[in-house]
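Q: Input: one structure, supplied below.
The values are calculated or read from the model by the stated rules, or taken from the named source; none is laboratory data. Just so it is clear, the structure is predicted and the values come from calculations on it, not from any experiment. All Cβ positions, even for glycine, are placed from backbone atoms using ideal geometry, and neighbour counts span all protein chains on display. Heads up: the accessible areas ignore ligands, DNA and RNA and are worked out on the full protein's heavy atoms, side chains in. Shrake-Rupley method; radii C 1.70, N 1.55, O 1.52, S 1.80 Å.
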Amino acid sequence: MTVLAVASGKGGTGKSCIASSLALAAGQVVAVDADVEEPNLGKLLGMAPKEIYSVSLPMPVFDEKLCKRCGLCAKECRFNALVQFGDLMPRLNEGLCHGCGVCSMVCPHGAITEGSHIIGKVSRDQAEELTFLEGRLDVGCPNPVPVIKSVIDTAKEEGDLIIVDSPPGTACSMVEATEQADYVLLVTEGTPFGMADLKLALEVVSDLRRPAGVVVNRSDLGGSDPEEICRRHDVPVLARIPFSRQVAQVYGLGESPYRGSSLWREQMDHLWDSVKKEARL
Ligand code: SF4
Ligand code: SF4
C-alpha cells in the first residue's frame with residue numbers, strides 16, 4: 001500500500017485541482033479529501049459522498065455527587081479546557097478539549113467518566129475504479145486532526161494506492177496528513193509568497209523525513225522559481241505548469257480540468273508518470 005500526499009504551504013495554489021487530476025490519471029485509486037475544514041475534492045471529481053460514520057472525541061462527564069471540587073482536573077488539563085472555582089463544579093469548554101483523558105486519570109475521587117462528542121464525519125462514494133473518501137470537520141470544532149487521521153486510516157483499508165488532498169499550510173493538520181504519506185507532492189506557485197510558503201513546507205517534509213517532489217503551478221506568473229530552494233533540500237522539481245485561461249475557466253465552474261482540458265490532461269498524465277517514477281509506484 002502506498003500513500004501519496006498532495007500538499008502545499010498555503011491555500012490557493014491549485015493543490016486540490018492537481019490532487020483530483022492525479023486521482024483521475026491514476027485509474028484504480030482511493031482519493032481522500034483530508035482538507036477537512038474546507039473539503040472540495042468531491043466536487044472536482046464529480047462525486048457525491050454519503051456519510052458512513054461520524055468521528056467523535058471522548059470528553060469528560062462529571063458526577064456531581066462524587067466531585068469534591070478539588071480543582072485538580074482543571075489544573076492538569078494542558079489545553080485549558082476545564083475551569084473550576086470554589087464550590088462550583090468543573091466547567092468544560094468542549095471546543096478546547098482534545099479528549100486526552102488526563103482529567104479522568106488524575107481525578108482522585110473517580111468523579112469523571114468518558115462521554116463522547118461528535119466532531120465530524122467521514123463520507124464515501126464510488127465510481128468505477130475510483131473510490132472517494134471525504135473527511136469533514138463539524139463547523140465550530142477547532143481540532144481537525146482526529147478527522148484527518150480517521151479518514152486516512154479508513155482509506156488504508158480500501159485500496160493499495162491512496163492519493164490524499166492534504167490540508168494547506170504547515171500546521172498540525174498538514175503534518176498529520178503528510179506524516180502518514182510514503183511520498184509528498186508539494187504544490188506551489190511561481191510568486192515570492194509561493195516560494196516563502198514552499199520553504200516552510202519543505203522544512204516540515206524534511207523534518208518528517210518524507211521523500212518529496214515539487215510542482216510549480218502557474219509557473220509563468222510571479223517571476224519566482226523554486227529550483228535553488230529545492231536543490232538545498234535535495235527535492236526535485238517535477239513539473240512547471242504555465243497559467244492557462246481555459247484551465248482557469250473549467251476550474252471556475254467547479255470541475256476538474258482533467259476532464260475539461262486536453263492540455264491540462266496531457267500535463268497531468270506527464271506529472272503522474274514522473275510521480276510514479278520518483279515514488280517508485
Ligand atoms: S479532580 Fe475530580 S473531584 Fe477534583 S474537581 Fe475535578 S472532578 Fe471534581
Ligand atoms: S480530556 Fe484532556 S483536554 Fe479534555 S478536559 Fe480532560 S484533560 Fe482537558
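Q: Tally the residues that are closer than 16 Å to residue 16 by Cα and open to solvent by 20 Å² or more (accessible area, probe 1.4 Å), restricting the search to the stretch 212-221.
A: Looking only at that region, the number is 1.
Q: Further question: Please specify each residue of the stretch 182-216 satisfying the condition of being under 27 Å from residue 161 (Cα atoms) and charged (D, E, K, R).
A: If the condition is that a residue be under 27 Å from residue 161 (Cα atoms) and charged (D, E, K, R), then 182, 189, 203, 207, 209, 210 are the ones that fit.
Q: Give 7, 26, 34 a once-over and let me know the one that is in the same structural domain as residue 130 (by the TED database), farther than 26 Å from residue 221 by Cα and surrounded by 24 or more Cβ atoms within 10 Å (Cβ to Cβ).
A: Result: 34 is the single residue among 7, 26, 34 that is in the same structural domain as residue 130 (by the TED database), farther than 26 Å from residue 221 by Cα and surrounded by 24 or more Cβ atoms within 10 Å (Cβ to Cβ).
Q: Name the single residue that is farthest from residue 42 (Cα to Cα) among those in the stretch 81-127 being in contact (Cβ under 8 Å) with a residue 12 or more places away in the chain and in a helix (DSSP H, G or I).
A: If we take residues in the stretch 81-127 being in contact (Cβ under 8 Å) with a residue 12 or more places away in the chain and in a helix (DSSP H, G or I), then 106 is farthest from residue 42 (Cα to Cα).
Q: If I ask for residues that are away from ligand 2 (no atom under 12 Å from the Cβ) and surrounded by 13 or more Cβ atoms within 10 Å (Cβ to Cβ), which ones from the stretch 74-107 would you list?
A: Correct list: 89 only.
Q: Out of everything in the stretch 79-107 that is farther than 29 Å from residue 37 by Cα and polar (S, T, N, Q), what residue ends up being farthest from ligand 1 (Cβ to nearest atom)?
A: 104
Q: Ok, one more. Go through the stretch 144-158 and give me each residue that's crowded, with 17+ Cβ neighbours inside 10 Å and over 12 Å from the mean Cα position of the chain (by Cα).
A: 154, 155
Q: Out of all the residues in the stretch 124-132, is one or more in the same structural domain as residue 17 (by the TED database), touching a Pro at 6+ places or on another chain (Cβ under 9 Å) and over 30 Å from residue 198 (Cβ atoms)?
A: Checked the stretch 124-132: at least one residue is in the same structural domain as residue 17 (by the TED database), touching a Pro at 6+ places or on another chain (Cβ under 9 Å) and over 30 Å from residue 198 (Cβ atoms).
Q: Any chance you could count how many residues in the stretch 108-141 are within 16 Å of ligand 1 (Cβ to nearest atom) and open to solvent by less than 30 Å² (accessible area, probe 1.4 Å)?
A: 3
Q: Still on this structure: Could we say that residue 166 is surrounded by fewer than 23 Cβ atoms within 10 Å (Cβ to Cβ), in the same structural domain as residue 14 (by the TED database), within 21 Å of residue 32 (Cα to Cα) and touching a residue at least 40 places away in the same chain (Cβ under 8 Å) here?
A: Against the criterion (surrounded by fewer than 23 Cβ atoms within 10 Å (Cβ to Cβ), in the same structural domain as residue 14 (by the TED database), within 21 Å of residue 32 (Cα to Cα) and touching a residue at least 40 places away in the same chain (Cβ under 8 Å)), residue 166 does not qualify.
Condition check ((1) of a type in the set (Val, Ile, Thr); (2) buried (at least 21 other Cβ atoms within 10 Å of the Cβ); (3) without any contact (Cβ under 8 Å) to a residue 12 or more places away in the chain) across all residues:
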{"residue": "210", "(1), (2), (3)": "no, no, no"}
{"residue": "223", "(1), (2), (3)": "no, no, no"}
{"residue": "227", "(1), (2), (3)": "no, no, yes"}
{"residue": "230", "(1), (2), (3)": "no, yes, no"}
{"residue": "236", "(1), (2), (3)": "no, no, no"}
{"residue": "248", "(1), (2), (3)": "no, no, yes"}
{"residue": "257", "(1), (2), (3)": "no, yes, no"}
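Q: Moving on to the next point. Using the structure shown, decide if residue 68 is within 16 Å of ligand 1 (Cβ to nearest atom), outside any loop (DSSP other than H, G, I, E, B) and not assigned by the TED database to the domain that holds residue 37.
A: no
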